[in-house]
1. Considering only the stretch 58-79, state which residues are polar (S, T, N, Q) and surrounded by 10 or more Cβ atoms within 10 Å (Cβ to Cβ).
2. Check A52 against each of (1) assigned to a strand (DSSP E or B); (2) modelled with pLDDT of 85 or more and name the one condition it does not meet.
3. Those residues that are under 15 Å from L6 (Cα atoms) and modelled with pLDDT of 75 or more, I need them from the stretch 18-28; list them, please.
4. When the stretch 172-202 is examined, which residues are found to be modelled with pLDDT under 90 and among the β-branched types (V, I, T)?
5. Please state which one of A172, A221 is small (G, A, S) and either under 15 Å from the mean Cα position of the chain (by Cα) or under 22 Å from K121 (Cα atoms) (or both).
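The values are calculated or read from the model by the stated rules, or taken from the named source; none is laboratory data. Predicted, not measured: the structure shown is a model, and the values here were computed from it. Methodologically, a virtual Cβ is constructed for each residue, glycine included, from the backbone with ideal geometry; neighbour enumeration extends over all protein chains shown.
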Amino acid sequence: MPLTDLQIRNTAPTDKPTKLADGQGLFLLVNPSGSRYLRLKTRLAQQCDAIATVKADRLLFCRAGQAQTASGQPILTVTITRASGDSHRFTFADRDAFSSVRAYYHDAKAAKKQSVTVDRKGVTPGRGTDPSADNVRVLRHTYATKATATRAAKAEWEPLQRGVAQFSLTLAHGRPDLYPETPVMVSGFKPEIDGEGWLVVRVTHSLCGGGLTSAVELELAQ
């Protein structure tokens, strides 16, 4: 249940930070100094394969890997050439390392543990006693409902497919126009790198004596 304004005002600080649940993944953090902050549990974003952040005093919660703004508008593709970078690193993982993701939930009506499995074919229901193959990623948490288990399994499966190849590079001349979800085309690298569409997942801008640099992490676009 969400906290009321009176509850927030009347929560006295202690010698340690105090967290009070505010519902829907939000919680109130009360510091020993008396300062109060409303924060979002990032775990909620992870369970939904989403991005949670605050920009311009607004809470943004949007699905990852879509190359779109929070309002649903497509983000323009940018091009990065090898001449723009100081260094780069490319890693590749076998897409078939995991054939599926399985999540368990408690079926209250049947009073037993059940499972759902997500793979390239979609969602398949199962039993809590189903054996786990070596190439099935099994989520450790047991969820309260089939819907939450399915959402968690999908949220785990989709990044596995996007993250088959990862490409990171440091730009000698910073690009402040880069931010997560920006689609990127690269050129001047190996053919297997240039031939793919990429998506920014993380960018760190640094301003020092040498000027602005940008460390960019990319993964395959869907």
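1. Q66, Q68, T69, T77
2. (2)
3. Matches in the stretch 18-28: L20, L28.
4. Within the stretch 172-202, I193, V201 qualify.
5. A221
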